Amino acid sequence: MSDTAEARRWRLNPWWLAPLAVVLAAVVVLRQRAAVPEPGDWQAATEAIRAGLEPGDGVAWAPYWAGEGRLFMHGLPGFHLTDVEAADLSRFRRVWLMGAFGRDADDLPSGHTRLERRAFGEVTLDLVEVGGERVVGDLRADLEQARVSRSGRRVERCDFWDGRGWHCKVSKGPEKTRRCLAQPISRRHRQRRRDPHCGLDPWLNVSRDVRVIGDFPRRCIWFHPMAGKTLRLHWPTAPAGASLVIDHGFTDKVITDHTRKETRTRPATLRVRRGGVEGPVIGAQPVPPEKGWRRWRLPLDGPAGDGLTIEVDTEATTDGHLCIDATVRGPAPEGA
């Protein structure tokens, strides 16, 4: 037999690989299915969290798209953790992190300490002690104590609190508006003159909210700035701290999630003053009409004094859907 015939005899027929590929694919699929947590795995993990939860704790899950555990998180201090590698845990003393598909507390930024790890089926549960700076003041939490105003040709006091935010105009008067708000939404729609907002303009409030910004839900204070009117929010109880952090962005709805040829949103400017309206400006930050959730960090020197005032200006006459999340941050309190 010639060398050529011998080589041809032992040459691998590619069709022989087909059954092998089928077997390998089946093995991969079975392994992937085996790694998928059962609902009971998530439920067991949340029950363990409830048993060990302490004041100041937070609860999250990873990866973000695997959110089945939220079905069992009712009553827990859960928060959205969209990017584990860039997680901001500074609002919490400890964090309980439920992980699946190979994601866990080992993926968090450095500076935190894993206290314990347990497994519930295909779900890992890590308890993490948060290191680094800590949120010592949260404007969203203090919004009910804030003072809001708009100034153009004249100053308007936005002093009607509806339970979620402040309003600048109350067409029915405060008492009638409160009585209307006390009714169920269904009844407001059934009235002869439908008025689900009880005479309040939904575009003029400064409210606690959750909005989709940069593709993810963000806890924030929602503004609707308008051209020719400076919108001011005075935070009288702002504590002393090392820095003011303002996460901010326009809602996706007005930047990309619409049917128009282009957004009608225009640039805005954030300013921060020490004290009230007459206080010195200690920083300014432009906000471009672009999709995204951005962070502005402003050093705070000296005592808190009479709090902080955040101002917003814009050239827009419509679609001024701006959200901010303002916190004062500093070292973790002793013993925390």
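What follows draws every value from the coordinates through simple rules; no lab data is involved. Predicted model only: the values in this text are computed from it and were never measured. When we count neighbours, we look across all protein chains shown, and the Cβ atoms used for this are built from the backbone with ideal geometry, even at glycine.
Some points to look at:
- Arranged from fewest to most other beta-carbon atoms within 10 Å of their beta carbon, E290, E175 become E175, E290.
- Shape of the chain, Cα gyration tensor, a/c cut at 1.5: prolate
- Take every DSSP beta bridge whose two residues both sit in the chain; close to 90 percent of them are antiparallel.
- The fewest-to-most ranking of T113, T265 by surrounding Cβ atoms within 10 Å reads T113, T265.
- For segment 230-308: rounded, prolate or oblate by the Cα gyration tensor [a/c cutoff 1.5]: prolate
- Over the chain, dividing the summed -39,500 (n - 2.57) contributions of all DSSP H runs of at least 4 residues by the number of residues returns a 222 nm mean residue ellipticity of -5000 deg cm²/dmol.
- Candidates R147, R266, R118: whichever shows maximal mean-square fluctuation once the chain is modelled as a Gaussian network with Cα springs under 10 Å: R118
- Whole-Å distance, taken between Cα centres, linking segment 301-321 and segment 183-257: 14
- Mean Cβ neighbour count within 10 Å, used as a protection proxy, ranking 202-213, 121-132 highest first: 121-132, 202-213
- Judged by the gyration tensor of its Cα atoms, with axes a ≥ b ≥ c, segment 162-315 is oblate; a/c meets the 1.5 cut and b/c is at least as large as a/b.
- Per-residue Cβ neighbour rank within 10 angstrom, fewest leading, H248, H74: H74, H248
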